Each structure stands twice: as structure tokens, then as C-alpha cells.
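Notes follow once the structure below has been shown.
The values are calculated or read from the model by the stated rules, or taken from the named source; none is laboratory data. All figures in this text were calculated on a predicted structure; none of them were measured in a lab. Positions of Cβ are backbone-derived with ideal geometry, glycine not excepted, and every protein chain shown enters the neighbour counts.
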């Protein structure tokens, strides 16, 4: 096994140790101490940037959610307001119509009763006229048929009795 | 390949001296094949990491690959130690990437291009150095943060008083075994895997040498196994690097948080 037998040669161990010290020293100081921290710093910076960007994106997402929520609330509120305005207008219109209808109704009723009164008056006057004409006619008829003159008041009473039962 | 045209499965682990450099005491320090592959691994790692340094907010493919590795280790440190683990991420990341690169380079079929590949992590001088380094850091961090209170690591919560003579001893032994298990695990896994592959490769060569019938009968199943084992070894290369880094992070967690 050369690993053991070469110890007999005076240069073997010294050269091995010298060169591993030199090369590993180079690797440690130049690569391990010199380059590795810079690479790690790059990785850390990237990780931090990714984390920051993610946080920013999350915040933006939350803000968008809030905005959407407030928009929804606003639109709900305005929809409710519009609905209320519509129902109010409808109610007012219905009430107005009712009021106007009532007024028209009373006017019509007044007119109707006035007309009725007129009709009644006309009827009574017509009735009275008919009575006097009928009494006169009855007096004439009686005088023509029997030659008896009856007093106008008697004829009137007799006609009244017939007309009014 | 060793003498008489035989395949020596251990030859691949031999470190070749490329040129001399200087002396430390009576020890000679030379540039070796092992050193060459460590330098190549370090440079490849450096080039790979440069691709991750564009620091774009939206990363390209290369940057994603680099950030995948760094994220893997920093995630592991975070899970095992907590936020304080970030301080030790550079060390564990360097450890993981260096071992992974050495393991994978050792598996590359560079022999096809005339290059002699070599698995640096199959030498316990290397794995031992890294293990002792990890263990030392654990000790330093532990005593630095907790002082002598660090010894309470050897008395786990809920130890009955009548076992106080035994549990700390067991805990101490298991604590002291850590650098050895750390070093040996990687060294043995790499060595065993490469020996296995070399043995199967030698089956094919020896089979062909014994004639076409034996060559086909032995060669085809051996080749099929080689393909499977190569895939398995790639997996082991990753897993061993991961285990080394994971155990280091767990030991560091002991030192930082004391159980």
C-alpha cells in the first residue's frame, strides 16, 4: 500500500502536507472567505426581494379586496336608495291620485244631488201643472157629459185623489 | 502497470515526485502528482465559482449551479447548527467542495487522454490533515466559547449519577476517535473503490490474455460490472464529501451549542 510504504521516502509526508496546506488554504481564503459570502449575499438579497415582492403583492391583493368590498357596499347602498326613491314616488303618486279621485267624487256627488233636486223640482212643478190641467179637463169632461158644473176646487180634489191614489 | 505486464491495483496510489522544491529540516518538499491534482482541483473550483459571481437577480444556469452548492451547504449548516452556523459555512463549504472535486477528478477517465489520474483523497496524509484541521477547529471553538465548561460535552443530559464514572469515559473515547473515523472513512472509501475498479479492469486484461473464449466470458460481465461500479463510485465520491462536511458540521454544533 503506497499510502503507508511511501512514508519511508523523506519527501512524501512533507510534500503532501505542504501542498494540501497551500491548496486548501487557497480554497478556504479565496473561495470560502472571498467568494462564498458574496454568493450568499446575492442569494439572500434575492430571497429578501422575493419576500418583499410577495408581501407587496399580498398587500395589493388585500387593498383590491377592500376596494371591491367598498364598491359593492356603495352599489348596494345606491341600489337601495334608488329602490326607496321609486317606492316613495309610487306612494306619492298613488296618494295624489286618491286625493284627486276623492275630490272628483265629491264634485260629482254634489252635481248629482243638485241635478236630482232640479229633477225633483221639475217633477213636482210638472205634477202640479198636470193636476191643474187634469182638473180643468175633468171639469170640462163632466160639464160636457152631464152638464153639471163642478167647482174647480172639487175637480182638483177629485183629480188629486185619483193621481195620488 | 507493474512488472511482468501484471496490473497492480495499488500502483495507482503511488505519489510520483515531479520536481524538487526546497528542504524543511531533513524533509524535502517536492512538487508531486498529488500536488498537481490538488492545484488543478483548486483552480477548477475557482473557475467554477467565478461563474457564480455574476450576482444577477435572475441567475443564469451556471450561477444556479454554484448557488445550488452554496445553498446546499448553508442549508445544512443552518439545519445542524442554527443561525450561528453561518460563521463556519466558509470552512465547511471549502472542505466539501475541495474533497468533492478531488474525489470526482480521481474518477475521471483521463487515462484515455494519456494523463495519469490520481485520487488525492485516497491518501490518509491528506484526509488526516483535513480531519485534524476540522477536529482542531472544533476544539478551538469549543474552548473559546465555553471554556472549561466544554467538558460538560462528556456528560450528556440525563446521565444517572451512578453512571458518572463510566459515561464520560465512553464519551471522551468517542470524541477522540472522531478525527480518525473522519480521516479513515474517506481514505478507505476512495481506496477501496479504486482498487475494486482496477481489479475488474485486470480481470478483463487477464481474460483476454487467456484467449478469446475466456476473454469474452470474463470480459463482458466484468465490463458490465465496471460500468455499474463506476456509477456507484461517482455516488460514493459525492456521498463521502457530503459525509465529511456533515460530520464536521455536527461536531461544530457540539462545540457551538454543547449538545
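Each residue in region B:28-40 was checked for being facing another protein chain (nearest Cβ under 7 Å) and either under 11 Å from residue B:119 (Cα atoms) or surrounded by 16 or more Cβ atoms within 10 Å (Cβ to Cβ) (or both), and 7 of them qualify. Take residue B:15 and tell me if it is at the interface with chain A (Cβ under 9 Å from one of its Cβ atoms), at pLDDT 85 or above, touching a helix residue (DSSP H, G or I) at 6+ places or on another chain (Cβ under 6 Å) and in a loop (DSSP other than H, G, I, E, B). So residue B:15 passes the test. Just one of the listed residues (B:199, B:218) is farther than 24 Å from residue B:75 by Cα and either outside any helix (DSSP H, G or I) or without any contact (Cβ under 8 Å) to a residue 24 or more places away in the chain (or both), namely B:218. Picking from residues in region A:1-46 that are more than 7 Å from chain B (Cβ to nearest Cβ) and at pLDDT below 90, the one that is surrounded by the fewest Cβ atoms within 10 Å (Cβ to Cβ) is A:8. Counting only residues that are more than 21 Å from residue B:257 (Cβ to Cβ) and within 25 Å of the chain's Cα centre (by Cα), region B:134-174 holds 1 of them. If the condition is being assigned to a helix (DSSP H, G or I) and at the interface with another protein chain (Cβ under 7 Å from one of its Cβ atoms), then region B:42-74 contributes B:42, B:45, B:46, B:49, B:66, B:67, B:70, B:71, B:74.
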